[in-house]
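The next block holds one structure in the form of C-alpha cells; read it before the comments.
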Amino acid sequence: MANDYNNAHAHDYDVQYMERTRNYYRAQGYSADYQWAHNKDTPFQPLNRRLCDSKVAIISTSMPDTKLGREQRAVYSTPIDPIPASAYTAELSWHHSVTHTDDVGSFLPIAALKKLSASGVIGSIASSFFSLPTEYSQRNTLNKDGPDILKRCQSENVDIAILVPL
C-alpha cells in the first residue's frame, strides 16, 4: 500500500529544488546560474539578556491577507492584536498537496508567544509581526529588505526574532 502511495505521488518527492531554480533562471535568459547564499560566519548573535527579559518578534514570509498584501510582496508590519485569522500564502512555495496554511498559529505563533509571555518564559512580544518577501535576489535582501526589517525590529526594541519561512 505504501509503495502504491509513493508511486502515485512520486512527483511530490522528486522535485530537485536547486536544479529547478537553475532551469528557471536559464529559461528567463540569465547567462549565469543562480548563486546560492553562503555565509562563512553565521550571522547570528548570542542573547545579550535573559530570555525572560527579552522582547520577541516574528518574521514570516507570509503576507498580510489584505488587497495590498495579496498584490504586492513587500516588507510589512502587521499588528499582532487582534491575531490575524489568515495570512496570504497562496504564492509561496510550501507543499500544497500535503499540507495547508489554514492554521495561522502554525506559522504565526502569536498565541503561543502570548502564553509564554504571560507565564514569564519570555519578556514580551513585539506589537507587530513582520512580513519579509521570499526573494531570489541576495542583493535586494541584503541591501533593501533586510535593513528594513532590522529598522522595524529596532524601532520596537526587539531582542529576538523568530524566523518562520514558508
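Taken together, the values in this text are just the output of simple stated rules run on the coordinates, not laboratory data. These numbers come from a predicted model, not from an experiment. Neighbour counts run over all protein chains shown; Cβ positions are idealised from the backbone, glycine included.
Points to keep in mind about this one:
- Full extension of the chain between residue 136 and residue 112 yields a length gain of 5.6 nm, computed as 0.36 nm times the residue separation minus the alpha carbon distance.
- Footprinting exposure proxy for 160, 122, 83 (fewest neighbouring C-beta atoms within 10 Å first): 83, 160, 122
- Taking the chain as a Gaussian network of alpha-carbon nodes connected by springs under 10 Å, the highest mean-square fluctuation of the residues 112, 57, 126 belongs to 112.
- Charge tally for residue 121 (other residues, Cβ to Cβ under 15 Å; Lys, Arg +1; Asp, Glu -1): +3.
- Residues of region 117-150 with amide N under 12 Å of the 7 Å Cα→Cβ point at residue 93: 134-137
- Counting neighbouring Cβ atoms within 10 Å and putting the fewest first, the residues 144, 151, 40 line up as 40, 151, 144.
- Cβ-derived FRET efficiency at R0 25 Å, residue 103 paired with residue 53, nearest 0.05: 0.25
- 3J(HN,Hα) couplings calculated from phi for region 159-166 with the Karplus curve 6.51 cos²θ - 1.76 cosθ + 1.60 (θ = phi - 60°) are, in sequence order, 9, 9, 10, 9, 8, 10, x, 10 Hz; Gly and Pro show x.
- For region 30-39, 3J(HN,Hα) per residue [Karplus equation, 6.51 cos²θ - 1.76 cosθ + 1.60, θ = phi - 60°, Hz, x = Gly/Pro]: 6, 8, 10, 5, 4, 9, 5, 4, 8, 10
- Residues 52, 153, sorted so that the one with the fewest Cβ neighbours within 10 Å comes first: 52, 153
- Per-selection Rg to Rh, the chain - Cα, Kirkwood hydrodynamic radius: 1.02
- The residue list 18, 149, 66 was ranked by how far each Cα lies along the charge dipole of the chain toward its positive end, using unit charges on Cβ atoms, and 149 comes out on top.
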